[in-house]
Amino acid sequence: MTGPGRLDAARAALAGIDEVETFGRVVAVRGLLVEVAGPVAAMRLGGRLDVVVDEAAGTAVPCEIIGFSGPHALAMPFGSLQGVRRGCPARVRGEGAGAIRPSRAWLGRVIDALGRPIDGKGPLPPGPLPYGLRADPPPAHARRRVGPPLDLGVRCLNTFLTMCAGQRMGIFAGSGVGKSVLLSMLARYTAADVAVIGLVGERGREVQEFLQDDLGEEGLARSVVVVATSDEPALMRRNAAYVTFALAEHFRDQGAQVLCMVDSITRFAMAQRDIGLAAGEPPTAKGYTPTVFSELPRLLERAGPGTGDGAITGLFTVLVEGDDHNEPVADAVRGILDGHIVMERAIAERGRYPAINVLRSVSRTMPRSCDPDYLEVVRRARRVLSTYADMEELIRLGAYRPGSSPEVDEAIGLMPDLEAFLGQGKEEATSIREGYERLAAIVGGP
């Protein structure tokens, strides 16, 4: 590094050091909460504390202030509270605590919910500008409109649910129907410049499988992956989503087309629920606290077109409990996003992946985002799928008599080819144009 570069790095490091050290003392630990007495006026909601466990060893537990009760601040830890005792110093960190300094050199890296590398590849080179984790969405009046269609490499989505650059879609599914594999295909084959992937509350066993088998070296090379596993504290799981969006905003501000994916928004909501309940919020539907439903739009609205050339295209999985697509989080997210992709267990059980139910899925930019030359082809294919779905039970039971309806007979004849079209291996990529042409060859068209 050159001389001026070293000076800039030194200035950035010095800027993060507080001139005066302010600290309180731990007076109680109640479940997930740490109560801190001291200069409460110097503490703020969302601010950071370091609870010193061993002064000599320099070990401390980072915490976030989530509320106040009388003369005490209420904090939750980002790590284990093991070893914390009454009277431990709780150092108040400065205004910039918690911000990250991403750069393009972060591509290909795996980090945790505090922006620290966890892939064993060494430290992360800091960028010139700090990005706060709770940035406001761009103002609605200053945002650009969504851009042209974005090639996702998955023909089912490219043809029936065409996405535009800057659009936000939810992937609604129960557990074990192939959400993670679909996300890896999107990260690997998308035409976006950068992919930012947040694994929120992921199973620890599956992280390496996702990175090595599903995402692969090709997908990882243009991605940044943020990981907070299910065993980590609620603050870490929630923070992983904030870090994911902050990274996406950095690349968007550089003028890049960013594909931002979070798996899953439901686990973010569950983490926020745990935090809200610990802070004393009243539970509402299914135990979710009011802040869950205020934080969801603040988070999801950060995706979308920016005020410049860059845009964040968002794909967010929603884990529907018991395959109930009307549970509170799914219902709230569906109302915020620009469309929804429904994955069904019954389709996965018969071996067709990705297990997307086209008829129950909606892209709110359709039909404008569809190629006008193939719009009638897509509509015709949807009609065939709808006709078959209406008569499927009778057909499978053998109660339908061939020749009774020309439309049903046509649907029965075309369904094997349409099923093959809707299925796609994770090593296979199909462009938008190829998808249209293949669909036209099945149902007829230009």
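Structure summary
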| read-out | value |
| --- | --- |
| Count of residues meeting criterion [open to solvent by 10 Å² or more (accessible area, probe 1.4 Å) and small (G, A, S)] in the stretch 197-214 | 1 |
| Conditions (1) touching a Ser or Thr at 6+ places or on another chain (Cβ under 8 Å); (2) open to solvent by less than 40 Å² (accessible area, probe 1.4 Å); (3) over 14 Å from G198 (Cβ atoms); number of the one not met by P283 | (2) |
| Matching residues, the stretch 214-232, being in a helix (DSSP H, G or I) and either in contact with a Lys or Arg (Cβ under 9 Å, 6 or more places away or on another chain) or in contact (Cβ under 8 Å) with a residue 12 or more places away in the chain (or both) | D214, L215, G216, E218, G219, L220, A221 |
| Failed item, numbered, when L114 is tested on (1) at pLDDT 90 or above; (2) outside any loop (DSSP other than H, G, I, E, B) | (2) |
| Residue that is surrounded by the fewest Cβ atoms within 10 Å (Cβ to Cβ), among those in the stretch 327-356 that are within 21 Å of the chain's Cα centre (by Cα) and without any contact (Cβ under 8 Å) to a residue 24 or more places away in the chain | G335 |
| Positions within the stretch 269-292 being in contact with a Leu (Cβ under 7 Å, 6 or more places away or on another chain) and closer than 15 Å to V320 by Cβ, in sequence order | A269 |
| Qualifying residue in the stretch 33-42 (condition: under 16 Å from A234 (Cα atoms), at pLDDT 90 or above and of a type outside the set (V, I, T)) | yes |
| Pair list, Cβ < 8 Å and 6+ apart or interchain, from the stretch 277-294 residues that are outside the structural domain of S69 (by the TED database) and at positive phi to residues that are surrounded by fewer than 17 Cβ atoms within 10 Å (Cβ to Cβ) and hydroxyl-bearing (S, T, Y) | G280/S69 |
| Output for the stretch 244-269, where each listed residue is farther than 25 Å from P328 by Cβ and either among the hydrophobic types (A, V, I, L, M, F, W, C) or assigned to a helix (DSSP H, G or I) (or both) | A246, L247, A248, E249, H250, F251, R252, D253, A256, V258, L259 |
| Tally, over the stretch 357-387, of residues that are out of contact with any His (no Cβ under 7 Å at 6 or more places or on another chain) and open to solvent by less than 50 Å² (accessible area, probe 1.4 Å) | 17 |
| Residues that are open to solvent by less than 10 Å² (accessible area, probe 1.4 Å), assigned to a strand (DSSP E or B) and either modelled with pLDDT under 85 or not hydrophobic (A, V, I, L, M, F, W, C) (or both), drawn from the stretch 160-196 | G170 |
| Every pair of residues 6+ apart whose Cβ atoms lie under 7 Å, when the first sits in the stretch 117-136 and is within 15 Å of V226 (Cα to Cα) while the second is open to solvent by 80 Å² or more (accessible area, probe 1.4 Å) | P117/P123 |
| Members of the stretch 42-92 that are assigned to a loop (DSSP other than H, G, I, E, B) and either closer than 21 Å to G201 by Cα or under 31 Å from the mean Cα position of the chain (by Cα) (or both) | M43, R44, L45, G46, G47, F78, G79, S80, L81, Q82 |
| Top-ranked residue of the stretch 366-387 - restricted to ones that are without any contact (Cβ under 8 Å) to a residue 40 or more places away in the chain and assigned to a loop (DSSP other than H, G, I, E, B), ranked as nearest to H340 (Cα to Cα) | P367 |
| Residue within the stretch 93-103 that is of a type in the set (S, T, N, Q) and farther than 18 Å from V258 by Cβ present | no |
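Let's see how each residue does on (1) open to solvent by 10 Å² or more (accessible area, probe 1.4 Å); (2) within 30 Å of R30 (Cα to Cα); (3) not small (G, A, S):
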residue: G216; (1), (2), (3): yes, no, no
residue: D231; (1), (2), (3): yes, yes, yes
residue: L247; (1), (2), (3): no, no, yes
residue: Q254; (1), (2), (3): yes, no, yes
residue: Q257; (1), (2), (3): yes, no, yes
residue: M261; (1), (2), (3): no, no, yes
residue: A269; (1), (2), (3): no, yes, no
residue: G276; (1), (2), (3): no, yes, no
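Residues are listed down the side, and each one gets a yes or a no for (1) surrounded by 14 or more Cβ atoms within 10 Å (Cβ to Cβ); (2) outside any helix (DSSP H, G or I):
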| site | (1), (2) |
| --- | --- |
| A389 | yes, no |
| E393 | no, no |
| S404 | no, yes |
| P416 | no, no |
| A420 | no, no |
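The values are calculated or read from the model by the stated rules, or taken from the named source; none is laboratory data. All figures in this text were calculated on a predicted structure; none of them were measured in a lab. Please note: Cβ atoms are built from the backbone with ideal geometry, for glycine as well, and neighbour counts cover all protein chains shown. Just so you know, the surface numbers come from the protein's heavy atoms only, side chains and all, with ligands and any DNA or RNA stripped out. Shrake-Rupley method; radii C 1.70, N 1.55, O 1.52, S 1.80 Å.
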